[in-house]
Structures are given as structure tokens and as C-alpha cells.
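The values are calculated or read from the model by the stated rules, or taken from the named source; none is laboratory data. All values reported here derive from a predicted model rather than from experimental measurement. Heads up, the Cβs are rebuilt from the backbone with ideal geometry, glycines too, and the neighbour counts pull from every protein chain shown.
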């Protein structure tokens, strides 16, 4: 019985093809030795497989920004500067025009100020999709180990360019420096590797061959040789988002690619660059390893083109990965019926402040969670639920008003300095985010409890940056309930007075069940409150973070350890990463041969 | 780090409840020691887990009919006779009437003659579904091992009553004795155990608790304790079919139950008894083990009630398992949007006769495959594709006409004796099946090549039984193409003249792609033809059986070894059994605690 994990990793060199004169290099021999790649990356894959089993801390992609060469940061900035104002061509077939460079033509604008001025090729799906389909068979037949090693090599090269990816994340998604390096680069790479590890595990559950032998009364056994062949689904479409295009895109991208599919990336118009760079690296590695680079293509869209709808419902598209707003996610689930659709959608996250033995630590942790990326994370705790009678703490009883005031002070201290604030907050992603903050500050949502402050970033004075606005609401008022039940992405938070911890838990559960939630938090010293929270969160399917302090925040998701999403509430039908996220991206076909070996 | 597989198997005794006076026994103490159950069934589960990995031959449920006690068969018949003409009550809540005993009232009729005369309780879903929901938490909290052991105990008790289940299969689905004992009993039990083994594997991939510890520069590590809690989806609906209600029902039934869901069974009106007995055994074991028996309920329907539609779209129903006709399967996929929908639908299976070195053995194997259960299996090879120029064999060249005539002779020899024919064929399931055979015999579909023969069963003279009708078609004729492209369940087969092996392979692939297929077969000595077949079948996703002879047939699926369905063509979106069939039936919710252990 040959195990599939023992496949030889030999791939046929890619045949030379006419790529329509788009300038792709014609490669007839491999530059990358795939067998060497398999050997080199096996320890990483083995360790990732072990870590998703133990859920312990580990990552091959260091957060230490100085570990990427003495001039790593400077080189990354220089590379980003070189991209600005240029054309990022990928040599894909079916080129029929250009997207960008001006925003009116679909080009990007940095939330830190200025246009990126980058133009991208636009392609005719009628040419692009058949070319991608044609690229699949050699990739499919290369085997699980080779595909996984190529994926890890893509991630390794992306990792080597982490400073450049961080620059791209800043100037498209408005991340601060640290978040751009984390969520925009190394943690996104972790999410990709996690998906590859899952893909390897799922694809090696069956033997490649088996012999089935059934004893027969008074006769030789009945023997059937069997083979099990993996088949990818076809073309997998990634519809990127504007906030975390790499972190939320890499799970689907690498899960699909590692399982033998081709991947078409339709980036968010506001954040093309991070995924364009990703596609560029993937094509470079695929080509070098002797595969058709058209296994991975980029499809940027012209303004108003609604390309995602066209592609998501195309009969050649078998898988759709999407993160973004709920309405379009719902549309995809209803209309892309020919495909498997994995969605992450809107979330209304809540955090209960019931009691604490570490009042100052709690406030500091909470202030950081609210400030981070100006509340534009899908895991930011929008609704802070506080019993109206106040809470017991190690500093004595605190009234609702005191807690809110102390939180405001903690935010004030944390964000007092514009330089430090700029390093923690994020640039607001658009005028609609600013409008929400201003509405909150003007008292249109409820009583402003902590006013937002405009921050001038020392390096990017044109960036629109605001500290969190905290608005006081009361769960007993119907209009306040309506306000807190909607998602307010950006630095708008609600300090919600609730009748009791129990009422807060009920409200937390209701908003999660009805509107979706990706995180829930609580500070409590009460075992009863904790038990009720654990039950409620299990019921509505939201990860609960209890009494976080120090340098770990409710907004964070530890790759290889935490599951992002549960598929149990409207915020997501997909989970990063679980078996169900990967298992359906390929299928298995058996052959039975009478008497023979498999 | 505690592994979930180490959970203690302790369950709380079920609380006494008012069941509305339906006669359910009130149990306050357990009759079954679940810890003992876990110990007793662990070797079986371990061996099943190992076998789905190796794909070798194994089964804990013997096919030896004499192994079930010296009076096993007689006891089974006696038990079946006792069921006849009685009321099969299950003590479920919400009883609001009766289904049966007469066929006009929804009662069953034996394909071997006579009415079963059994009546069943009818229930109000508005009462039944909440009762089922209420039963879930204790079952959910009992843990993976206990649930699995309870499921295996249900299967063990069903296995002990295999002769009775075989009787039920004969007199509802028209199976012959052997098939009833195989597909109706022991092989169905295998499919159930296979699903339980998959469910255990998927539910134990994550640890129950973990400690995540991240080193910090110059400070103590950041430590987060984590727990991962499994959550079932809710109520799982099994919509049974009339042909193999247990074999095609047990995968979904046991996959859902083992993952903590409640299971509501809506049986096919023609085949209520096999699933009613299944529910009866399941409730008996659940009650005895201290669980609420309403975890498993039966919902037979009144004539014309269309209960499956009502239940499948009910918001409480989170999973739907269905096997049956394509139109209703398509309806479910389009309308039961609140649920995960697993379907098996119609299949048009083909077998290519290209060449053979064992002409007589081939004919004998083929004749058996056509005769078995009178072609009413979803894996019966409907279209026999034969090159019009004939085929090379060990007995020299055979023309198309000779092959068809020799197949007719092989069928004639195999089925010459009514007693032997009755033991191999099956009773036709309804007038619509007989009408198809008569249409074929009358030449309405094409030239009758092998006429069907009425068989008088020695024990059941009223049964409607026919030997296979083989009709000669030509793939070059448009009307013949239309005929062979439809599914003709029953003893109607087409000997299709094709231009060449290549043309046959193309036709096989096209019908599979467009109409769905669950089996493909071929006899060939040509490596080129074999390679082309392997490729084509991998492309359209159908299991290929090559050169089967002796006592293994294309219609058969070896549980723990063969995958039934691929999810790649219209015949099924579900696979018995793969990871994707099980992984989405439950979800995982995490809790993170600062500093603490999980």
C-alpha cells in the first residue's frame, strides 16, 4: 500500500505556450528543484501540522522586524516607492485594458495620503478562465507534497518581502506600522501556512493505493486492487476585502491552491496592491518550479464593473472565498449556487464588564483594544456592556459613569502623544468611517462619553486619524438597542448600561445570534457569570476571551491555535481554519481492478 | 493538555419528563452503564478507524446468516410476522393521529404480496421538534466517546436483529433474501459504523484544552489557557428512500447522532418499517443509557402530506440527508437554505465492453450484475457500450450481435430456474417499474435483444418479478441517445453500439457529467483504453470497476474501503463516507482565559 505522502514530487516541465505576447518569460526548464523544495519545507509543514494539533504557540515567520536584514525596513520602503506610479504587469493572458492609475480609473489612494498611482492589467474572463483551467492538470498531477512545498515556498518569498507587504498594507488598508507588519504580513503568512497544513492532512487521509482482500469459503480470497485519486474542484475565486486582504485572503487562497485548484484573485478596488504582490510572487514560484503561472491570476476591476458578481456565478468557478459586508456575502450565498461559498461577513462584538481584581490592567488592555487600528478590525469590541449599578473592583466599587470616565482616561493616557497614537491607531478607511465618528461625537447616536480626537501622524500629516469615540447608551431604550445592534466599523464604541450581568449576557448573545459576532469578551471574577458567559457564547458560536490583560487583546487571533469564526452565527459560514474549510475543496475518485494491485 | 478522547463518559441521568401520556416508560436510573459501553465498543471503533485508513477488508457484522443463533432466521421471520397487522408505537411526544394501516391511509404494501397492515403514530412537528431540541444538551455534553459507544450499541442491537431487518427490507423494498440480509441489514450497519468512526476522528482533532504560551522579551511569557467545545448543529433530518432506506440512511443518521445532533427520520411511505425499527432500537438504547429518547424520532407522513418539504425548510432543521429522485434533491438544495443538505440523486451508469481475456467469466459476472435486485440498484450498469465492430476475446473475435446474444444466454442460464432467479432478482417496486419493462419488451425503446421473463417466486407467487430486458440501441441515433441518457430504474438495460472504445468512453463520460453516475465499469485488455477510462472517470467523478469477475460486482460498494459517490457529478453531492460528509455536522467554540490553564 503506497501512502500518498510518499509521492515522488517529480513534476513534468511546463510546456512552452504562447501567452499572447503579454511579456511573460517563456520557461522550458525548471529553475526550482521541486524535490529539494519538498525536503527543505518538510520540517516547517510537519511542525505546522503538529501545532494545529496541540494548539500551542509557534510561528516560522518572526514578528521581529529587525530579523529581515539590516536594511530590511528601508528596502521594503524603497521597493514600495518603486511600485508607486508604475505599472504592475503580471503577464497574464487575455489582457484587454488597464485599471488605474488614477482613482477614477480604479487606482488606489493611500489612507495616509496621496494616490498610489499604480496601474494593473485588466483581463477578459473569457480568455483568462480557460487558460487557468488548462493550467490545472499538471499541478493536480504533481501530488500533494509538491503542491504543499510550492505553497510554502510562495509563503517564504512573501515572508522575505514582509517589509514591502507591510508598506502595501499601510497604504491601502490604513494599518499602522506594527499592524501592517503583523496582520498585513507575518500573521497573514501564518494563516496561509495553517491552511496548507490542513490541506496536506486532509489530502493524505486515504492511501493512494490499497489491496482489498475478502476471504471466500473454500476458495482463494477475492482480491480487488484499488487506487484513490484526488481531484481539485476547478477554479477558486478569492474576493478580497479592503481591510485585511492578505490575512483574510490567504486561508482560502492557499487551501485552494494546495488542493490542486487554480486561484483567481479579485481584489478590493481599495486594496489591490497586497494581493497583486501575492499573485506576483505565486506566479514567479510556479513558473520557476515548472508549472503554468496562470494557476494564479489577478482580476482587478474597472470602476462600477461589478466583476465579483460576474466571476462568482461563472460556471467555471467552483469555489468562492469572500470576506466583506453582509449584503454581498448573502448575495453570494444565494446566487453562486454552482460553487462552494465560504464567507466572512459583518460582526457586532460585545464585551461585558462585570467585575475585576485588576481594574487598572483591565482599563489599559481595554483601551488598547479599542484604539487598535481605530476600531476597524472585525474583532473590535463595539459594545461594552456595563451593569448600571456599577462593578466591584480591587479599587472598590465603581459606578457605571466612573468606569466610562476611567476608560476615557486610559484612552487619553494611551493616546496622548500623536506619535504614539499614530503608531497604534489606523488611518480611517474612507469618508464613511469619518462620518460615523463625527456623528458619534456630535451626539447623534447618544450621549458622547469619550470624545474622539484628531491625531496628526508625524510622518503622514494628510492621514485622517481619530481616537475612539465612546457613546453612552442604555439597553433599556429601544433606540439605543437599535443603534448598538448595527455594525459601526471604525472608532465608534458604545458604553451600554445594562440591568445586570445576566442582562448583559443575554444582550451579547442576542446581537451575536441576530447580527453575527466574531469575538466576545468579559471581565469578571464571578464563577457564575463566567459559566453563564461560556454557555451563552457556546450557544451562539462566538469565541470568548476572559479577563485579558497585558499584551494580549480580544481583537487578536493566534494562528495555529485560535479558530477565527465558528460558522454558527451570521458573521461567517467559514472558519480559519478547520477541516470543513478544506475538505470540500477537492474530491476523491476510486478505481477498482479485479485481482490486481492498486 | 487534556485530549478530548480522554473524556470520562459519565452522563447525567435523564430527568423525568411528562411525555404527554403517550406511554413512554419513565426512566430515572440508567439500565446501561455507559462507561462499560465505552470499554466494550472501543476495540470495534478503533478497528473501524484503522480500516478507513487502510481501506482493507473488514466488518464486525458477519454476512453468515447462520451466525445469528440456531433459530436466527426463524426468529426474524416470527418477529416480522408479529409486526404485521399491528401498531408500532414509539412513545414520541405530539402524537396527533395515525398513519396506515391501509395503503390509502399511508400503510405499506409488500412487493412480495399483501399489505403489511402496520400503523404508526403521526406527530405534530410543533410539539416534536421542540422536544427533540430539548433533548440535545445532555447528549451533547456527554462527550464524543460516550456518544460513539451509544451509537455502536444501537448498531450492535440492530445487528442482533438482522434477520428481522432483512424481513423488513424484503417486504418494503422488494429485496431478495440475500440482498435484504446484506444491504438491508449488515452492510447498512457497516455504513453506520463507518460514519461513527469518521465522526469520532473529526471530533477529536482538537484538544479539549490547551495552553498557549508566547515568549516575551525580558518578561514572563504571555500565557492563555484555551478550551475548545464541540457544538452540534441541532436537528438533523433524514429523508429516507424506498429502495435502500437503511444502507443509504445510516450514514447521515449515525454521522449526525454521533456528532451530538438529534435525528428526525421521515421515512419513504413505501418503506417505513426498516427505519421505524431503527428508531425503535435507537430510542431503547438512548433511554437505557440515561438519555432522552426523543433524540431520535420518526415522522411518518399521511398520503399527500408532503411532510418532507415542511420539515426540510423548518428553521430548527440544520442538516438534511436525502437520497432519492433528482427533482426533489434539486428542490431541497435550492430551498432548504437554512440547512446543510447532503443529497444522493439519480444515476445513469455505463459499462464499456472493449475486450477481454475471460469472455465466459465476463458474461457471467455481467449477467449477475444486471440480474441483481432486478436492476433497481443505484449502481446497476444501465448502458452497456459495445463497439459496433465487435470485440477481441479469448474465444476469438465476437461481433456486437454475438456479445449481446451471449449475454442473453448467460442471463438465461443464470435465471433459468424460478427458485434461483427469485433468490437473485428482486420484486418490482411498483407499477411504474413494470411499465418500463413492458415498454422495453414491446420494442418501444428500441429493438428488444433479450426479452424479460416473468418469474414466479416459489414462496411469494404474488410478487411481480421480471428478468432483465436488454434493448439494442445505437449511439449514432439521436432518439437512442435520448433514451439511454435517462435513468430507467428496474430491469431495463441497453446494449449500445458505439463507434469505438474511444466513442464509448466519451459517451460514458458525457452521461455521467450531464445526468450523474455512481458507477462505471469496463472490460478491457488494452492499457490505452484503461488509461483513457481512468482519466475520463476521474474527470467526471465516478468510481471505475475494471474487469470484475468471480463474486464481486460493479453494483457493490465495500464499506470502509470504497467511497460511494464523489460529489463531482449530478448523482450526489455527498460521499459515503468522507471527511466532508461529517466535518460540518458540528462546530467548535473556543474560550481563552488570560494566564490560566484551559
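So is residue B:424 surrounded by 19 or more Cβ atoms within 10 Å (Cβ to Cβ), in contact with a strand residue (DSSP E or B) (Cβ under 8 Å, 6 or more places away or on another chain) and under 18 Å from residue B:368 (Cβ atoms) or not? No.
Among the residues of segment A:353-374, is any modelled with pLDDT under 95 and either closer than 21 Å to residue A:268 by Cα or touching a helix residue (DSSP H, G or I) at 6+ places or on another chain (Cβ under 8 Å) (or both)? No, segment A:353-374 contains no residue that is modelled with pLDDT under 95 and either closer than 21 Å to residue A:268 by Cα or touching a helix residue (DSSP H, G or I) at 6+ places or on another chain (Cβ under 8 Å) (or both). The one condition from (1) out of contact with any helix residue (DSSP H, G or I) (no Cβ under 8 Å at 6 or more places or on another chain); (2) outside any loop (DSSP other than H, G, I, E, B); (3) touching a residue at least 60 places away in the same chain (Cβ under 8 Å); (4) within 24 Å of residue B:119 (Cβ to Cβ) that residue B:269 does not meet is (2). Return yes when residue B:278 is closer than 26 Å to residue B:578 by Cα, touching a strand residue (DSSP E or B) at 6+ places or on another chain (Cβ under 7 Å) and in the same structural domain as residue B:337 (by TED's automatic domain parsing) and no when it is not. Answer is no for this residue. Answer yes or no as to whether residue A:246 is touching a helix residue (DSSP H, G or I) at 6+ places or on another chain (Cβ under 8 Å) and within 14 Å of chain B (Cβ to nearest Cβ). Against the criterion (touching a helix residue (DSSP H, G or I) at 6+ places or on another chain (Cβ under 8 Å) and within 14 Å of chain B (Cβ to nearest Cβ)), residue A:246 does not qualify. Of the residues contained in segment A:225-235, none is found to be crowded, with 24+ Cβ neighbours inside 10 Å, closer than 29 Å to residue A:112 by Cα and away from chain B (no Cβ under 14 Å). Can you tell me which residue in segment B:547-556 is farthest from the other protein chains (Cβ to nearest Cβ), limited to those that are under 19 Å from residue B:348 (Cα atoms) and buried (at least 24 other Cβ atoms within 10 Å of the Cβ)? Checked segment B:547-556; the qualifying residue farthest from the other protein chains (Cβ to nearest Cβ) is B:555. Only one of the listed residues (B:210, B:201, B:197) is at pLDDT 95 or above, in contact with a helix residue (DSSP H, G or I) (Cβ under 9 Å, 6 or more places away or on another chain) and surrounded by fewer than 22 Cβ atoms within 10 Å (Cβ to Cβ). That residue is B:201. Of the numbered criteria (1) buried (at least 18 other Cβ atoms within 10 Å of the Cβ); (2) away from every other protein chain (no Cβ under 14 Å); (3) touching a residue at least 60 places away in the same chain (Cβ under 8 Å), the one residue A:500 fails is (1). Pairs linking a residue in segment B:507-526 that is farther than 14 Å from residue B:379 by Cβ to a residue that is part of a helix (DSSP H, G or I), with Cβ atoms under 6 Å and 6 or more positions apart or on different chains, are B:509/B:536; B:509/B:540; B:513/B:540; B:522/B:533; B:523/B:362; B:524/B:530. For segment A:54-76, a residue qualifies if it is more than 13 Å from chain B (Cβ to nearest Cβ), in contact (Cβ under 8 Å) with a residue 12 or more places away in the chain and assigned to a loop (DSSP other than H, G, I, E, B), and the qualifying residues are A:60, A:61, A:68.
Listed here are the residues, each with its yes/no results for (1) touching a strand residue (DSSP E or B) at 6+ places or on another chain (Cβ under 6 Å); (2) over 30 Å from residue B:267 (Cα atoms); (3) more than 13 Å from every other protein chain (Cβ to nearest Cβ); (4) in contact (Cβ under 8 Å) with a residue 24 or more places away in the chain.
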position: B:183; (1), (2), (3), (4): no, no, yes, yes
position: B:189; (1), (2), (3), (4): no, no, yes, yes
position: B:192; (1), (2), (3), (4): no, no, yes, yes
position: B:197; (1), (2), (3), (4): no, no, no, yes
position: B:217; (1), (2), (3), (4): no, yes, no, no
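Among the residues of segment A:203-212, is there at least one that is within 14 Å of another protein chain (Cβ to nearest Cβ) and under 17 Å from residue A:51 (Cα atoms)? Explain how you work it out, then say what you get.
Filtering segment A:203-212 for residues within 14 Å of another protein chain (Cβ to nearest Cβ) gives A:203-212.
Now narrow it down to the ones that are under 17 Å from residue A:51 (Cα atoms): none.
No, the conditions are met nowhere in segment A:203-212.
Considering only residues in segment A:31-53 that are part of a helix (DSSP H, G or I) and without any contact (Cβ under 8 Å) to a residue 40 or more places away in the chain, the one that is nearest to residue A:190 (Cα to Cα) turns out to be A:47.
Each row is one residue, and each column tells you yes or no for (1) more than 13 Å from residue A:353 (Cα to Cα); (2) in contact with a helix residue (DSSP H, G or I) (Cβ under 7 Å, 6 or more places away or on another chain); (3) modelled with pLDDT of 95 or more; (4) outside the structural domain of residue A:473 (by TED's automatic domain parsing).
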position: A:488; (1), (2), (3), (4): yes, yes, yes, no
position: A:493; (1), (2), (3), (4): yes, yes, yes, no
position: A:496; (1), (2), (3), (4): no, yes, yes, no
position: A:504; (1), (2), (3), (4): no, no, yes, no
position: A:525; (1), (2), (3), (4): no, no, yes, no
position: A:528; (1), (2), (3), (4): yes, no, yes, no
position: A:532; (1), (2), (3), (4): yes, yes, yes, no
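Looking across segment A:520-543, the residues that are more than 10 Å from chain B (Cβ to nearest Cβ), in contact with a strand residue (DSSP E or B) (Cβ under 8 Å, 6 or more places away or on another chain) and part of a loop (DSSP other than H, G, I, E, B) come down to A:524, A:525. Residues of segment A:447-492 that are buried (at least 20 other Cβ atoms within 10 Å of the Cβ), assigned to a loop (DSSP other than H, G, I, E, B) and in contact with a strand residue (DSSP E or B) (Cβ under 9 Å, 6 or more places away or on another chain): A:452, A:455, A:464, A:465, A:467, A:468, A:475, A:488, A:490, A:491. Taking residue A:419, is it in contact (Cβ under 8 Å) with a residue 12 or more places away in the chain and at positive phi? Answer is no for this residue. May I ask you to list the residues in segment B:288-302 that are surrounded by fewer than 24 Cβ atoms within 10 Å (Cβ to Cβ) and closer than 23 Å to residue B:98 by Cβ? If the condition is that a residue be surrounded by fewer than 24 Cβ atoms within 10 Å (Cβ to Cβ) and closer than 23 Å to residue B:98 by Cβ, then B:301, B:302 are the ones that fit.
Just the residues that are crowded, with 22+ Cβ neighbours inside 10 Å and assigned to a helix (DSSP H, G or I), please, taken from segment B:391-403. The one that is crowded, with 22+ Cβ neighbours inside 10 Å and assigned to a helix (DSSP H, G or I): B:403.
When residue B:179 is tested against the conditions (1) more than 10 Å from every other protein chain (Cβ to nearest Cβ); (2) free of Cβ contacts under 8 Å to residues at least 12 places away in the same chain, the lone failure is (2). Within segment B:312-362, being in contact with a strand residue (DSSP E or B) (Cβ under 8 Å, 6 or more places away or on another chain) and assigned to a helix (DSSP H, G or I) holds for B:312, B:328, B:329, B:332, B:333, B:359, B:362. Considering segment B:561-580, and only residues there that are in contact with a strand residue (DSSP E or B) (Cβ under 8 Å, 6 or more places away or on another chain) and within 9 Å of chain A (Cβ to nearest Cβ), the residue that is farthest from residue B:515 (Cα to Cα) turns out to be B:561. Scoring residue A:372 on the criteria (1) within 29 Å of the chain's Cα centre (by Cα); (2) not in a helix (DSSP H, G or I) leaves a single failure, condition (2).
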